[in-house]
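**Student:** The structure is given below, and queries will be raised subsequently.
The values are calculated or read from the model by the stated rules, or taken from the named source; none is laboratory data. Owing to the predicted nature of the structure, the values given are computational and were not obtained by experimental measurement. A quick note on method: Cβ atoms are made from the backbone with ideal geometry, for glycine too, and the neighbour counts reach across all protein chains shown.
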Amino acid sequence: MNNPLKRLLGFVSFVLIVGGISCLLHEWLGWFRLFGFLRFLAPGGYEVYSYVVMIALGIAVGAASEAVGRERPRP
């Protein structure tokens, strides 16, 4: 059975990681804006730091989704 919380966390993880990478590419190269709505989460002047934090947060949420999906061994 697939846990709906695991699927939701996996989706949020995907959006944060891909969006953070996309926004970094846009900041550095000036093109490739995939998840443009994430730019509203970054305060002015700290965009690059915010996008790196988004990527790290996406990795952490992805690890949490894997932990939610595991069943605990029963004694």
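**Student:** Give the stretch 35-52 a look and list any residue that's assigned to a helix (DSSP H, G or I), crowded, with 16+ Cβ neighbours inside 10 Å and of a type in the set (Gly, Ala, Ser), or say none.
**Tutor:** 50
**Student:** Assigned to a helix (DSSP H, G or I) and exposed (fewer than 14 other Cβ atoms within 10 Å of the Cβ), is that true of residue 32?
**Tutor:** Taking the combined requirement at face value, the residue does not satisfy it.
**Student:** Here is a further query. Output the number of residues of the stretch 1-29 satisfying the condition of being in a helix (DSSP H, G or I), at pLDDT below 90 and touching a Gly at 6+ places or on another chain (Cβ under 7 Å).
**Tutor:** 1
**Student:** Find all pairs meeting these conditions: Cβ atoms under 6 angstrom apart; at least six residues apart or on different chains; first residue within the stretch 5-17 and surrounded by 18 or more Cβ atoms within 10 Å (Cβ to Cβ); second residue part of a helix (DSSP H, G or I) and aromatic (Phe, Trp, Tyr).
**Tutor:** none
**Student:** Pick out the one residue from 64, 56 that is touching a residue at least 40 places away in the same chain (Cβ under 8 Å), part of a helix (DSSP H, G or I) and of a type in the set (Gly, Ala, Ser).
**Tutor:** 64
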